[in-house]
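What follows is a set of notes on a single structure, which appears directly below.
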Amino acid sequence: MLSLSQKNTLLRSVLTVLLLSIGILMVLPFLWMASASFKNQADIFEFPIRWIPKAFDWSNYQEVWLGKVPYYVFYINSIKITFLQVLGSLVTSSLAGFAFARLRFQFRDSIFLIYLATMIVPPQVLFVPRFILFDYLNLVNTHEAIILPGMFTVLGTFLMRQFFSTLPTELFEASKIDGAGYWRMYWQISLPLVKPALVTLLILTFTWHWNEYENPLILLRDRDLFTIPLGLLSYTDGENSTNYPLIMAASVLALAPLVIIVCLCQRWFVEGIANTGLKG
């Protein structure tokens, strides 16, 4: 008969093996993608899979970066657009979240509820009216048409509002006694305490906008304005002429910034997700 501690140890071991197995299954496609990026067209679909290429073909990356398709232009466009969208989201969401959490004004909770309810509207419903609006403003086929809507996020406002709500009320009362205004409470007192939320929002918005496909597809026409998701289509000319090694190399380059950011910010990201919603 197993003791309670032995049962707990056995259960943890089983869960560890199960989660490790699931993690390996999730990572395998990315490992295959990285391996395929160093192969030629003939070896990429070799079966059984050769995980380590017979010879590493670095020409795929050279062709992607400096070849006929201006992939570095797509890369620069994605960095520019994503950076401005993430920066705008951090500013607007933190300001709105602080206002909804700490400012007292009429119909505050009702306005926040209505704002939150817009999340149920499918993004596809807004494609046509958004295109008409930007066409009227002569912003179609410009990066501004992608950047401006991406600087505002309902999820980010909700996330920041939840974090600001968890801060002790006594902290703000003491700052009022010292003569601090709302701006100083926001900038000098609140923001340093909600760093996990800011990092969480940064990762979520960066991942979303870096991989965004539909809005650039609808609003951008010139190839020099394309982002990475649209640029990947340049390696697909038809069903029988798709260059898979180049697609894999381009995908590895596209994935690299996401991996770097998640690895650097993982600690604050986990803390931010764990603390979200502790107080409404």
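Values as computed for the structure displayed
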{"read-out": "Complete set of residues in segment 186-202 that are buried (at least 20 other Cβ atoms within 10 Å of the Cβ) and aliphatic (A, V, I, L, M)", "value": "Val194, Ala197, Leu198, Val199, Leu201, Leu202"}
{"read-out": "Segment 203-225, subset assigned to a helix (DSSP H, G or I) and among the acidic types (Asp, Glu), residue most open to solvent (accessible area, probe 1.4 Å)", "value": "Asp224"}
{"read-out": "Options Ser21, Ser89, Ser93: the member that is part of a helix (DSSP H, G or I) and open to solvent by 40 Å² or more (accessible area, probe 1.4 Å)", "value": "Ser21"}
{"read-out": "Residue match in segment 63-81 (condition: out of contact with any helix residue (DSSP H, G or I) (no Cβ under 9 Å at 6 or more places or on another chain) and assigned to a helix (DSSP H, G or I))", "value": "yes"}
{"read-out": "Number of positions in segment 106-135 that are surrounded by fewer than 10 Cβ atoms within 10 Å (Cβ to Cβ) and either assigned to a helix (DSSP H, G or I) or among the charged types (D, E, K, R) (or both)", "value": "7"}
{"read-out": "Check on Leu246, touching a residue at least 40 places away in the same chain (Cβ under 8 Å), assigned to a helix (DSSP H, G or I), closer than 30 Å to Ala55 by Cα and touching a helix residue (DSSP H, G or I) at 6+ places or on another chain (Cβ under 8 Å)", "value": "yes"}
{"read-out": "Those residues of segment 24-61 which are hydrophobic (A, V, I, L, M, F, W, C), assigned to a helix (DSSP H, G or I) and closer than 17 Å to Asn243 by Cα, in sequence order", "value": "Trp32, Met33, Ala34, Ala36"}
{"read-out": "Hits in segment 136-152 - residues which are outside any helix (DSSP H, G or I) and either open to solvent by 30 Å² or more (accessible area, probe 1.4 Å) or on the phi > 0 side of the Ramachandran plot (or both)", "value": "Leu137, Asn138, Leu139, Asn141, Thr142, Met151, Phe152"}
{"read-out": "Any hit, segment 165-176, residues being within 23 Å of the chain's Cα centre (by Cα) and either among the aliphatic types (A, V, I, L, M) or over 13 Å from Ser93 (Cα atoms) (or both)", "value": "no"}
{"read-out": "Residue that is farthest from Pro196 (Cα to Cα), among those in segment 91-122 that are of a type in the set (S, T, N, Q) and in contact (Cβ under 8 Å) with a residue 24 or more places away in the chain", "value": "Thr118"}
{"read-out": "Enumeration of residues in segment 25-62 that are open to solvent by less than 90 Å² (accessible area, probe 1.4 Å) and of a type in the set (A, V, I, L, M)", "value": "Val27, Leu28, Met33, Ala34, Ala36, Ala42, Ile44, Ile49, Ala55"}
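The values are calculated or read from the model by the stated rules, or taken from the named source; none is laboratory data. This one's a predicted model, so the numbers in the text were calculated from it and none came from an experiment. Methodologically, a virtual Cβ is constructed for each residue, glycine included, from the backbone with ideal geometry; neighbour enumeration extends over all protein chains shown. For accessibility, only protein heavy atoms count, side chains too; no ligands or nucleic acids. Shrake-Rupley method; radii C 1.70, N 1.55, O 1.52, S 1.80 Å.
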